[in-house]
Amino acid sequence: MSSPVTDFFDSLRDRVHSAMAEHRKAGKITVQIGSATCEHAAGSLDVLDEFTKHIQSSGSDAIEIHKTGCTGRCSKEPIVGIFVPGQAPVKYERVNRELVHEIFTKHIQKGCPLPEHALDGSLDRQNLGAGQGAKSSVSQKFTEMYGDVSFFTAQNRIAMRNSGVLDPESLEEYIALDGFKALATVLGKNDPQWVINEVLKARLRGRGGGGFLTGKKWELATQNEEKTRYIICNGDEGDPGAFMDRGMLESDPFSVLEGMIIGGYAIGAGKGFWYIRAEYPLAIKRIQNAIDLCTKAGLLGKNIMGSGWDFEMEIRLGAGAFVCGEETALIRSIEGERGQPKVRPPFPTTRGLWGKPTCINNVETFANITAIVNHGGEWFASVGTEESGGTKVFALAGKVKHTGLVEVPLGTPLKDVVFGIGGGVQDDKALKAIQTGGPAGGFIPAAMDNLAVDFGPLSKVGSIMGSGGMIVLSEEDCIVDISKFYLSFTQEESCGKCTPCREGTTRMLEILERITSGAAVLEDLDKLERLGKLCQQTALCGLGRAAPNPVLSSLKHFRDEYVEHIQDKTCRAKKCVAMIHFEINAEACIGCTACVRNCPVNCIAGQRKEAHVIDQSRCVKCGQCFDFCRFNAVERK
Amino acid sequence: MNHQTATTITDNWEAVRAACLEVLPAHIIAFIENNRDMEHSEGQLIAALHMVQAHFGYLAQDTMHAVAQLAQIPLAKVTGVATFYHYFRLQPRGKHMISVCLGTACYVKGADKVAQRLMDELGIHFGETTRDGLFSLDSTRCLGTCGLAPVAMVDNQVYGPLTPTDVSVILAKYVKKEKGTAE
């Protein structure tokens, strides 16, 4: 059936497809280089520079460079893909300038790939041919490119289907991968309620931490009499140790943008705001680029796709306040105020930005919307659990072998993520706990690693899903110390508006400091628990109510470690400085003087080739000697 | 917010505006004035402060005063916003900005030791600037490059994974570059 919208979209898509087909005919070899904050930090700009020089000096016009986002395989970056037409794609890990030369001369020019540098040894496992193992047609293209890498085959990529596949600055490439098909469908149907119903069927729950049903939130906003409505994308990713949103904003900005336009249409908004951390300059640049390109192409602004519907977007920058991830605080910040939360209700869907109905959704929530529209809400729901549909992206970090972004269906057991995809604990130490949800989350002890990752099961054990931070802790981490770390974070980030959070976190932190310095008594644990529960029940906003979670969940699962700190004055992980001292094992010491030379207070005595001795009375327990000794002669006791 | 035309905001508007022109660069003046008569223009306050900090490196008293005057927002509110958000600095910063990531991933991998070494070598704490004005030190919560943990960022360059020993090497590099340009 022909309508202005379908005509608009068909002609746009046909233009892109014929241009792409023309380009493919040229049969060029493609060098694909990751370009995102993490890739740049790992040195991908040097790699880009070196490939450019090599291509120029070779004089060949049959090789082209293709920029892409980040796949999420962080610890192996920079990642380079070599795509020779008609051959399976080859990906290389940890590429540097020297390796570029080797790849260029051996692989590109002579056709001999280098298996020893292939990503995760992917060239060695020919049984996993490219294109196999696609979990759904959504991630077909991703699987074609990365289907032979075990880190990815165990995942199911929906929100991150295009990350590491397309050039995040090219609208054409996005359109070629079914981009804006969902928006065309939605505008063609001309029925906002249809979108809401699909999202409800999908059982999509907010990916920012709250876990509220997205479809429900949208429906609430439409039930309001007030017709001026706003939609906001919350990209104020403040959880330390989480970087899913940055990954998606930098690697696939158009998907998030399209999801947001559809959301705006569903609730009848005329304007959308992006609230992005100022600490993410590349994400901001790419979103602005996406907005500009879409506006120019008639996909944003007045009369979108010829449908007669107007919708515009604007970026607002955060300014380093964790609390602004909370929706009422975020609204205050966009209004140009101090980001202090307000009492809910009224919820923003009733009275939000400038008093108008407002929906605030997370980056990842929007990234899922196009897949739901294209493939149906029922399909999306079938991926997850009874309770929540779809997948969740986790930022897997800490003491895990493979750090990175991991997308798995909700309901996947924790151990499949940590051991299956993450490769287990670094240096093969024992797993102590898995921390989810960042400063608002809790600890899950190693014994519960069979727990399904889903909103319900996680909150049952005292943790939360949160935005998707997942920190792996080994036997070498002290649970009291890490709890203190989280609490010092929330204490510092407390906006100061309500007493339970402002004073409660401060007093709790004082108790934790007493515990780690060996000055606490057993009653302090009861005080800690009482204060924590009080704060949980009475703080004004979600930040305050969740602040005690790390402490309370660690008290629940690791109380014996707290007791050890208090009664025995020992820290089994040897982290709490007040409870350890350093000694040199005279038998293991070969007398290399490395510790003597690096001791900042000169308290280590000993000549070359003689065993050294630490003067305990002057030692400041900085641990330098422990780090510098290459013979494991310095012992923490 | 003020919807009057600029000339009638105050009797001495010409003098007020002239004083602001001396403090702020033209593009920031234009940004504030273009927004002033728009609906919800006070929402652009944070954006204006970002521009001032990008230009000067920090928010000085006189620049905040000029923003307040031009945007017709009370100085108390401008100061309130500037002090609420960690990203805004009220003191001038050194030539090179060092941010140590103290996010969770970096913390469990020993960021505290890297931070301690930086403080020892530079002789300053977080939020301070070395006497020669070369380095400012700050902590940050997650740079989003957890795969390289622990990391620190000098200006826009991210370094990681770091050991305390690497700190001396990196600092020496910047000091050397500085001496090179001075000669």
Requested in this report: Output yes when any residue across segment A:302-315 is closer than 19 Å to A:V256 by Cβ and open to solvent by 50 Å² or more (accessible area, probe 1.4 Å), and no when none is.
Outcome: yes
**Report entry** Matching residues in segment A:67-120 - criterion: being within 14 Å of chain B (Cβ to nearest Cβ) and in contact with a Pro (Cβ under 6 Å, 6 or more places away or on another chain)
**Finding:** A:G69
Report summary line: Just one listed residue, out of A:D252, A:D236, is open to solvent by 10 Å² or more (accessible area, probe 1.4 Å), in contact with a Gly (Cβ under 7 Å, 6 or more places away or on another chain), more than 11 Å from chain B (Cβ to nearest Cβ) and under 17 Å from A:T365 (Cα atoms), and it is A:D236
Query raised in the report: From the list A:R351, A:R338, A:R344, which one is open to solvent by 30 Å² or more (accessible area, probe 1.4 Å), part of a loop (DSSP other than H, G, I, E, B) and in contact with a Phe, Trp or Tyr (Cβ under 8 Å, 6 or more places away or on another chain)?
Result: A:R338
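With closer than 18 Å to A:I315 by Cα and buried (at least 20 other Cβ atoms within 10 Å of the Cβ) as the only criterion, which of B:I73, B:I46 stands out?
Unique residue meeting the criteria: B:I46.
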**Report entry** Hey, A:G355 modelled with pLDDT of 95 or more and within 18 Å of A:A539 (Cβ to Cβ) or not
**Finding:** no
Query raised in the report: Somewhere in segment A:271-288, is a residue assigned to a helix (DSSP H, G or I), touching a strand residue (DSSP E or B) at 6+ places or on another chain (Cβ under 8 Å), away from chain B (no Cβ under 13 Å) and buried (at least 22 other Cβ atoms within 10 Å of the Cβ)?
Result: yes
Query raised in the report: Quick one: which of B:V151, B:V81, B:V167, B:V108 is more than 9 Å from chain A (Cβ to nearest Cβ), surrounded by 20 or more Cβ atoms within 10 Å (Cβ to Cβ) and of a type outside the set (D, E, K, R)?
Result: B:V167
Query raised in the report: Are any of the residues in segment A:42-57 in contact with a Ser or Thr (Cβ under 7 Å, 6 or more places away or on another chain), touching a residue at least 12 places away in the same chain (Cβ under 8 Å), farther than 30 Å from A:N303 by Cα and crowded, with 18+ Cβ neighbours inside 10 Å?
Result: yes
Report summary line: Note on segment A:144-166: residues open to solvent by less than 10 Å² (accessible area, probe 1.4 Å) and farther than 10 Å from A:T71 by Cα are A:G147, A:V149, A:F151, A:Q155, A:R157, A:I158, A:A159, A:L166
Report task. Hey, could you check segment A:244-297 for residues that are under 19 Å from A:T391 (Cβ atoms) and polar (S, T, N, Q) and say which is nearest to the chain's Cα centre (by Cα)? Result -> A:S251
Query raised in the report: Consider B:A115 against the criteria (1) closer than 24 Å to A:A321 by Cα; (2) modelled with pLDDT of 90 or more; (3) in a helix (DSSP H, G or I); (4) within 11 Å of chain A (Cβ to nearest Cβ): it satisfies all of them except one. Which criterion is unmet?
Result: (4)
Requested in this report: Please go through segment A:333-343 and pick out each residue that is more than 10 Å from every other protein chain (Cβ to nearest Cβ) and closer than 16 Å to B:H86 by Cβ.
Outcome: none
Requested in this report: Please specify each residue of segment A:410-448 satisfying the condition of being open to solvent by 10 Å² or more (accessible area, probe 1.4 Å), among the polar types (S, T, N, Q) and closer than 17 Å to A:A573 by Cα.
Outcome: A:Q426
Requested in this report: Would you mind telling me which numbered condition in (1) in contact with a strand residue (DSSP E or B) (Cβ under 7 Å, 6 or more places away or on another chain); (2) in a helix (DSSP H, G or I) A:K574 fails?
Outcome: (2)
Report task. Among the candidates B:G123, B:G147, single out the residue that is farther than 17 Å from B:M97 by Cα and over 20 Å from the mean Cα position of the chain (by Cα). Result -> B:G147
Report task. Output the number of residues of segment A:512-521 satisfying the condition of being in a helix (DSSP H, G or I) and free of Cβ contacts under 8 Å to residues at least 12 places away in the same chain. Result -> 1
Requested in this report: Determine which single condition B:K179 fails, assuming it passes every other condition in (1) surrounded by 14 or more Cβ atoms within 10 Å (Cβ to Cβ); (2) at pLDDT below 90; (3) not polar (S, T, N, Q).
Outcome: (1)
**Report entry** Complete set of residues in segment B:19-70 that are within 14 Å of chain A (Cβ to nearest Cβ) and among the hydroxyl-bearing types (S, T, Y)
**Finding:** B:S41, B:Y58
Query raised in the report: Would you pick out the residues in segment A:457-494 that are at the interface with chain B (Cβ under 9 Å from one of its Cβ atoms), within 21 Å of A:F394 (Cβ to Cβ) and open to solvent by 10 Å² or more (accessible area, probe 1.4 Å)?
Result: A:F485
Query - Residue count for segment B:137-148, restricted to those that are more than 8 Å from every other protein chain (Cβ to nearest Cβ) and either more than 16 Å from A:A278 (Cα to Cα) or in contact with a Leu (Cβ under 7 Å, 6 or more places away or on another chain) (or both) - result: 2
Query raised in the report: Would segment B:128-136 turn up any residue that is of a type outside the set (A, V, I, L, M, F, W, C) and within 14 Å of chain A (Cβ to nearest Cβ)?
Result: no
Query raised in the report: Is at least one residue of segment A:363-371 surrounded by fewer than 24 Cβ atoms within 10 Å (Cβ to Cβ) and among the small types (G, A, S)?
Result: no
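The values are calculated or read from the model by the stated rules, or taken from the named source; none is laboratory data. Remember, predicted model here, so these are calculated numbers, not experimental data. Positions of Cβ are backbone-derived with ideal geometry, glycine not excepted, and every protein chain shown enters the neighbour counts. These accessible areas exclude ligands, DNA and RNA; they are computed on the full protein's heavy atoms, side chains included. Shrake-Rupley method; radii C 1.70, N 1.55, O 1.52, S 1.80 Å.
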